[in-house]
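Structure first, commentary second.
Please treat every number below as a calculation from the coordinates, not as lab data. These figures come from a predicted structure and were not determined experimentally. Cβ placement follows ideal geometry from the backbone for every residue including glycine, while neighbour counts extend to all protein chains displayed.
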Amino acid sequence: MGCSRSKEIQGGCGEVTGMESIYTALSNRPVRDGIRRTRENLSKNVKENLKKYPFLKKYARELRDVKLKVINDLDFWIDRSIKKLEENGARVFYARDSESARRIVAEIVGSGKTVVKAKSVVSEEIGLRDHLEDMGNEVWETDLGELIVQVNNEKPMHMIVPALHLSEDEVIRILERVGIKGKNAEECTDKVRLFLREKFLKADFGISGCNAFSAESGSIFLIENEGNIRLSTSVPEKYIAIVGVEKIVPDDEHAIKSIMVQSAYFGTFPPSYINVIRNRQPGELCVVFLDNGRKSTDEILKEQLLCVRCGRCHLECPIFQLTGNVWGGETYGGPMGMGWSAITSGISSIENEVFLSCLCGKCRIVCPMEINIPRIILHLRKLAVRQTAK
Amino acid sequence: MFRPGKLIELLESNMARTGNPLGLKRSLLSEWLRGLPDLKGRDDTILFTGLMYQLTPYIELSTKYLQKIENSSLEKLFYFYVKLSKYVNPYRFLTLRGSDMERYSESLRRIFLILKKSGIDFTYREDLDGYSGILLYDLGDDSAFSSHAQEISDLLENADVKKIITVDPHTTYALKVLYPEYSGLKVEVASYLEILADVIDKGRMENLNEVVIHDSCYYARYLDIIEHPRKILENMGYRVVEPENSREMTSCCGGPIESISPVFSREIAESRIEELSSAGKKAVTMCPICMGNFERCGFSTHDISDLIFGGMNGSEPSQE
Ligand code: SF4
């Protein structure tokens, strides 16, 4: 039994390392307060959205079925999407892992260029910004929160509200480092706008992720509230979209439904801007499809691919409420981060963290896609324990 | 954070030795039976405590020690203790105040008496009671859990048990949902709250106090036992107050994580305590783990059985 195991203990059941930052986060009050504030606002909005627009729940259920169909037949849908994009005149690439995705984008961009980026978790996943900077490019995040986090050289604390843990004063001080001087939040926001405008105009490339991709029309759907995605994807001559293959839905109808569900469950509905990009003329559209573990998940982990990245499970999770995005893996954090980190970086990346969960199951209840996150966490624990027992 | 592998090792060795995860002497776990009337009744229906009420005061006691050494170099002491646990009963060194144990024993006795008073015909047999293994399952130790589940299932089926009455959410989940899957248990399982909800009629007493209800995660989200406790309390004349985050949105008490990280567990408990105490003075729990973890963090709650018992006897349990 267990006794014999201990001799060979390693992995999830061995030395607990890499957890220090989580305990540091625990004593970081601003993170907690920021999450609390954000949660109070957004949870209220979500409740109201769902009451006011009851069709959203119906859409979510329908979307789950449709996405499941796609995920069970990914190759077919990837082929179809590539064909459609090529018909539309786009350059299409396929990346098996993050390294090849970085290489593809680096080859397109080259060096000595200016790049403006829309906030994108998938680009964090592949470590794109650092890579492009290392290649001698000037890269700017254009989402206000993400820019602040970039300048402060840290990890986004929430995938949609990256700077929720920073106070107004801190933001003012951080922005000063790149010469943006304002006395308060409004002033800073105005100054950032001017600062970025100049970057947009001189940028050679715009880069974004994708909220939903329609295989029917070959279109990229993106939602936002600041207008920076619109500019990033349209002002520079060349535009690169990085699309996780799980973002594919069969048609425009479901792409629209997907972004509606995402924004409603995040807490801003309708979103201020909906961007639909089919081609770029003049200019050039490059699309990089990214696998990076998505196509080879096991049956239980596969459910995580239904995720629309609304961030609901984060804000309602008792552990996330204490630690923010520090718990859950390199890029992805919180309850959904367990599955996503396992898919994109392997189980070893979160083999200790999966044990730091109450399995209280609130994430499952609030998830629009009804993803059984506790089951995924438990599954990862089993794998960690089994690995140790080998 | 304590090493999951070490916890599993400890659980497995304790269970191999004593059948319970803490390695406690069986006699300690049977203390609640003292003073109870005849335990016999219909013999195909049994009360299955799953030992959770009996274990909780000991879990809380060890958590109190563990929280002091979490993440310090003293954590090693715990791992040393894990090694020792194969040879000696570590609880020799830890003593529990009688009153701490008594609270949990009292709740169990009351559950027994409430069921009898409500006309439920059942038997309690010590030899058919045992730990469900749920902690092994929660820690991902599937193989140990499944052989333990098999053992308990065989025991119950060989005794021709047809119906099992459980008393806490974790054991209920194990027996009702996991055992059929892991060991093919075919016996009907119901929490005593489900049973009572059908038999306790309206209007026993009026004007009892208001109580803030704390739903257990497992009852509310895994087993859909949400209305039952409310119906029982209301029929007993209590006014049930819903705190912020209740029913299927209930907030975790932090208990399930207390063995991995007492520190996190406490933080989670504290934020739930804030929600509960701002909704009213008196809170009711329906899981010993919730009650124990809140207690450790300085917040006293009433077990739902105490309120039902009080209501049946025309008096409310005294406020601690
Ligand atoms: S797992 Fe569900 S709740 Fe969490 S981000 Fe994804 S879709 Fe939203």
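Remark: the range B:4-196 carries a charge dipole of roughly 740 debye about the Cα centre, counting +1 on each Lys and Arg Cβ and -1 on each Asp and Glu Cβ.
Within 10 Å of the Cβ of each residue in A:206-213, the mean number of Cβ atoms contributed by other protein chains is 0. Near the amide H of A:Leu290, within less than 5 Å, lie the amide hydrogens of A:Ala95, A:Val243, A:Gly244, A:Val245, all on another chain or at least 5 residues away, with H placed in the peptide plane.
Across all directions, the average flat footprint of the convex hull enclosing the Cα atoms of the range A:74-294 is 11.4 nm².
Toward the positive end of the charge dipole of the protein assembly as shown, with +1 on the Cβ of Lys and Arg and -1 on the Cβ of Asp and Glu, the farthest Cα among B:Thr285, A:Gly337, A:Ser120 is that of A:Ser120. The calculated 222 nm mean residue ellipticity attributable to helices in chain A amounts to -14500 deg cm²/dmol, summing -39500 (n - 2.57) over DSSP H runs of n ≥ 4 and dividing by all residues. P(r) for the protein assembly as shown, from all Cα pairs and a bin width of 20 Å, is 17, 46, 29, 8, 0 %, short bins first.
In this Cβ point-charge picture (+1 for Lys and Arg, -1 for Asp and Glu), the protein assembly as shown has a dipole of about 280 debye about its Cα centre. For the range B:186-320, what class follows from the C-alpha gyration tensor (a ≥ b ≥ c being the square roots of its eigenvalues): rounded when a/c is under 1.5, otherwise prolate if a/b is larger than b/c, else oblate? Judged from the Cα gyration tensor, the range B:186-320 comes out oblate (a/c at least 1.5, b/c at or above a/b).
Across the range A:228-242, computed HN-Hα scalar couplings (Karplus, 6.51 cos²θ - 1.76 cosθ + 1.60, θ = phi - 60°) run 6, 5, 3, 5, 4, 8, 10, 6, x, 5, 10, 10, 10, 10, 9 Hz from first to last residue, x flagging Gly and Pro. Compactness of chain B was expressed as the Cα radius of gyration divided by 2.2 N^0.38 Å, which yields 0.96.
Other protein chain C-beta atoms within 10 Å of residue C-beta, averaged over B:138-147: 6. Here is the size of the range B:32-177 from its Cα atoms: Rg then Dmax, 17.6, 55 Å. Listed peptides B:146-153, A:269-276 appear in the order B:146-153, A:269-276 once ranked by packing, highest mean of other Cβ atoms within 10 Å at the front. Peptide B:261-268 shows a mean partner chain C-beta count of 5 within 10 Å per residue C-beta. For the range A:239-359, the share of alpha carbon pairs falling in successive 10 Å distance bins from zero is 12, 35, 35, 15, 2, 0 percent.
Isolated cysteines in chain B, defined as those with no second cysteine Cβ under 4.7 Å, comprise B:Cys297.
Mind checking which aspartates and glutamates have their Cα closer than 17 Å to the Cα of A:Lys181? Skip sequence neighbours fewer than 8 apart in that chain. Qualifying aspartates and glutamates at Cα under 17 Å: A:Glu168, A:Asp169, A:Glu170, A:Asp190, A:Glu198.
Each of the peptides B:70-83, A:96-109, B:262-275 was scored by the mean count of other Cβ atoms within 10 Å over its residues; in descending order, highest first, they stand as B:262-275, A:96-109, B:70-83. The alpha-carbon of A:Lys47 sits under 17 angstrom from the alpha-carbons of these aspartates and glutamates, leaving out residues fewer than 8 places away in its chain: A:Glu316, A:Glu370, B:Glu244, B:Glu248. Using the Karplus relation 6.51 cos²θ - 1.76 cosθ + 1.60 with θ = phi - 60°, the per-residue 3J(HN,Hα) values for the range A:101-112 come to 5, 4, 5, 4, 5, 4, 5, 5, 7, x, 9, x Hz, with x marking Gly and Pro. Hey, which lysines would be in cross-link range of B:Lys40, C-alpha to C-alpha under 22 Å, not counting anything within fewer than 8 residues on its own chain? Within the straight-line limit of under 22 Å, B:Lys40 reaches these lysines: B:Lys116, B:Lys117, B:Lys162, B:Lys163.
The sum of -39500 (n - 2.57) across all DSSP H runs of n ≥ 4, divided by the residue count of chain B, sets its helix-only mean residue ellipticity at 222 nm to -14000 deg cm²/dmol.
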